[in-house]
Amino acid sequence: MRTSRISRDTSRILAASRTLRQTRSGANPPVHDASDSELSSVPTDAGSDGDFATPPPKRRKTVRDTPVKVKHESKEVSLTSTTSPKKEAKPKKARRVPAKKINGAGGSVKIEPPPNWEEIYALTREMRNENLAPVDTMGCESLADKQRSPRDQRFQTLVALMLSSQTKDTVTAVAMRGMQERMPGGFNLESVLAIEPAELNGFINKVGFHNLKTKYIKQTAEILRDKFASDIPDTVAGLVSLPGVGPKMAYLTLSAAWGRDEGIGVDVHVHRITNLWGWHTTQNPEQTRAALESWLPKDKWHDINNLLVGFGQTICLPVGRKCGDCKLSERGLCPSAVVGVKKKIKKESVVKVEPDGEETVKEETVVAEVNEVKAEDVDVAVGDIEDIGRASRNRSTRSKT
């Protein structure tokens, strides 16, 4: 019976240890051990072929800051009031809109002036007042000696205009001053009649076509003595009857010498510039005169010649127009404005010379603005209407090779 007691004690100890194990297993989940029986249950996450699947790595939870609320405010701005800080808007180039003929009732014809002509005229006058031109101090109207009699002043004005054809104002002024100071008997009709042609030619030999002008001045002096009582004519018809005097010269003489504005004196500057502005399309100064007189107010007939001659001498030059300095180009009022083009020009200069004679050359690039003027934009071939019977020269067209 001893054996049975030992068996009961053993059974009691095993039962107590089993109860303790179950209690611990409730608090801690079982951990798989390699020493366990191969008949242990297969985990639920095993693969289809019995292998264990690697559990995906746990991602760390990112703690985001509280989102910032941004308030967007919009303001309506008119597009017309905004300008680009990098590139200013350029005004549109003007179109050529010449004066128009409007047929009215009863066969009457009315000439409508070019648009914006008053603004163009006012801006040109403004530029003329800012830039002194040769015509302002040496123009033919101001060359007569104010110390002489009115008759002598009128004669000197006529001669000055005759000398001015195809001649710069500066050259004409020098020739006139020489005759006023050194001509025997003073500069008047009688002294011109008495002087020999060769001596007269010596006074004016710097002006254009001085030989022909010497002949015309001598002939004019004789006509004035014989037909006009030793004074210059006071009509356009009488003035154009003199040798070498055309309509432009006649109207300017009538205005400067007699104070009568009966027509517009149109020279190469007036003819060229008004065509560049698109006021008309004319072939010669006489056509330009008729076109301008059809609509330009009469109180500007005398002023327009001085205005455009000086403008053509300072800004709107026959060759190399300064469109960058012109307010008409800046405001988009001139249809013939030339756009400036920037070009890079390489320039080399010697900055250092070594004792052995070796030179260090510095190369730099200079950006220059060049105004490109096309050959067809230059009206050099247009001559005055009274260019002493000389036919206008037509520019020969260069053949491109």
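What the table below lists for this structure:
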{"quantity": "Yes/no for LEU252 being touching a residue at least 60 places away in the same chain (Cβ under 8 Å) and in contact with a Gly (Cβ under 6 Å, 6 or more places away or on another chain)", "calculated": "yes"}
{"quantity": "Residue in the stretch 118-134 that is within 30 Å of ASN211 (Cβ to Cβ) and either touching a helix residue (DSSP H, G or I) at 6+ places or on another chain (Cβ under 7 Å) or at pLDDT 95 or above (or both) present", "calculated": "yes"}
{"quantity": "Condition check for GLU262: in contact (Cβ under 8 Å) with a residue 24 or more places away in the chain and not basic (Lys, Arg)", "calculated": "yes"}
{"quantity": "Search result, residues across the stretch 119-157 that are assigned to a loop (DSSP other than H, G, I, E, B) and surrounded by fewer than 16 Cβ atoms within 10 Å (Cβ to Cβ)", "calculated": "ASN131, LEU132, LYS146, GLN147, SER149"}
{"quantity": "Pair list, Cβ < 7 Å and 6+ apart or interchain, from the stretch 284-297 residues that are in contact (Cβ under 8 Å) with a residue 40 or more places away in the chain to residues that are outside any helix (DSSP H, G or I) and acidic (Asp, Glu)", "calculated": "PRO285/ASP267; PRO285/ASP384"}
{"quantity": "Number of the condition not met by LEU254 [criteria: (1) under 44 Å from the mean Cα position of the chain (by Cα); (2) surrounded by 16 or more Cβ atoms within 10 Å (Cβ to Cβ); (3) farther than 18 Å from PRO150 by Cβ]", "calculated": "(3)"}
{"quantity": "Yes/no for GLU286 being of a type in the set (D, E, K, R), in a helix (DSSP H, G or I) and over 23 Å from THR137 (Cβ atoms)", "calculated": "yes"}
{"quantity": "Test: residue in the stretch 97-113 that is surrounded by 15 or more Cβ atoms within 10 Å (Cβ to Cβ), at pLDDT 90 or above and assigned by TED's automatic domain parsing to the domain that holds GLN313", "calculated": "yes"}
{"quantity": "Residues satisfying the stated conditions in the stretch 296-322, i.e. in a loop (DSSP other than H, G, I, E, B) and out of contact with any Lys or Arg (no Cβ under 9 Å at 6 or more places or on another chain)", "calculated": "LEU296, PRO297, TRP301, HIS302, LEU317, VAL319, GLY320, ARG321, LYS322"}
{"quantity": "Any hit, the stretch 169-180, residues being hydrophobic (A, V, I, L, M, F, W, C) and either outside the structural domain of GLY278 (by TED's automatic domain parsing) or free of Cβ contacts under 8 Å to residues at least 24 places away in the same chain (or both)", "calculated": "no"}
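The values are calculated or read from the model by the stated rules, or taken from the named source; none is laboratory data. Source: prediction; values computed, not measured. We place every Cβ from the backbone using ideal geometry, glycine too, and count neighbours over all the protein chains shown.
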